[in-house]
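> Here you go, one structure.
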Amino acid sequence: MYVPSAFRQNDLAALHREIADCRLATLISHGENGLQASHLPLLLRPGEGRNGTLYGHLARANAHWQVLAEGGEALVIFNSADAYISPSWYPAKAEHGKVVPTWNYIAVHAYGQAAVFDDSERLLSLLDELSARHENPRPQPWALSDAPEDYIAGMLRAIVGFALPIERLEGKWKLGQNRSEADRQGVHDGLSASTDPRDRALAQRMND
């Protein structure tokens, strides 16, 4: 990922928060048949390894897990808030007109070598933790124990888990840091006034 110094985010805690807040990540790796990509909810265990370890699972019918088992480097992309930036929001437009549209966004790239596993106990623990993460905020959270044991056992046989220790992390917070304070404020005001909640979400991140 191209990351100019003005947009680089090196704070590990901030990178971990972004990873944890991302509901669906993109896992990319390269094998004999070329590039493979899968879209997955992932679990971050920040205390495992220097940069934390990512856990997830793939359908056994998905050949991507076999690519991971080959041991090559994998890339996981976590996309956060993003928005189109109109030149009309820059006060500089009225001054000299030398402005163009751009796109602001927050993204984290994690690199590492995954190890696959299909031990039922380990898979069950992973699924339990993943489910709890997304179910706990609900008024009546669903749990694995709500489903018949033989049904869950069959589902476990249909998936393969993986652990990906993060060897390298890149964070890009492209939030107009290369613009003047007046232009940044103009962008913030423009995004905040938008009817699109995604625009307002990025405006909020500019205040973080």
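> Can you tell me which of 100-109, 32-41 comes out highest on packing, and rank the rest after it, using the mean Cβ neighbours within 10 Å?
Descending packing order for the listed peptides: 100-109, 32-41.
> What span do the alpha-carbon atoms of the chain cover on each of the three principal axes, reported in whole Å from largest to smallest?
69, 44, 30
> Separate question: Calculate, for the chain, the solvent-accessible area per residue in square angstrom, rolling a 1.4 angstrom probe over the heavy atoms of the protein chains.
56
> Compute the angle between helix 181-192 and the longest alpha-carbon principal axis of the chain, please, reported from 0 to 90 degrees and rounded to the nearest 10.
In the chain, helix 181-192 runs at an angle near 60 degrees to the longest axis.
> Just from its helices, what would the mean residue ellipticity at 222 nm be for the chain, if runs of 4 or more DSSP H residues each count -39500 (n - 2.57) and the sum is divided by every residue, rounded to the nearest 500 deg cm²/dmol?
-9500 deg cm²/dmol
> How big is the accessible area of ASP150 in square angstrom, nearest 10, if you roll a 1.4 angstrom probe over the protein chains?
120
> Compute the distance from the alpha-carbon center of the stretch 1-71 to that of the stretch 93-142, in whole Å.
9
> Let me ask something else about it. When the accessible area of the stretch 1-77 is split by element with a 1.4 Å probe, what percent falls to carbon and sulfur?
Carbon and sulfur together cover 50 percent of it.
The values are calculated or read from the model by the stated rules, or taken from the named source; none is laboratory data. Model, not experiment: these values are computed from the prediction. Glycine gets a Cβ as well: all are built from the backbone with ideal geometry, and neighbour counts include every protein chain shown. Surface areas here come from the heavy atoms of the whole protein model, side chains and all, with no ligands, DNA or RNA. Shrake-Rupley method; radii C 1.70, N 1.55, O 1.52, S 1.80 Å.
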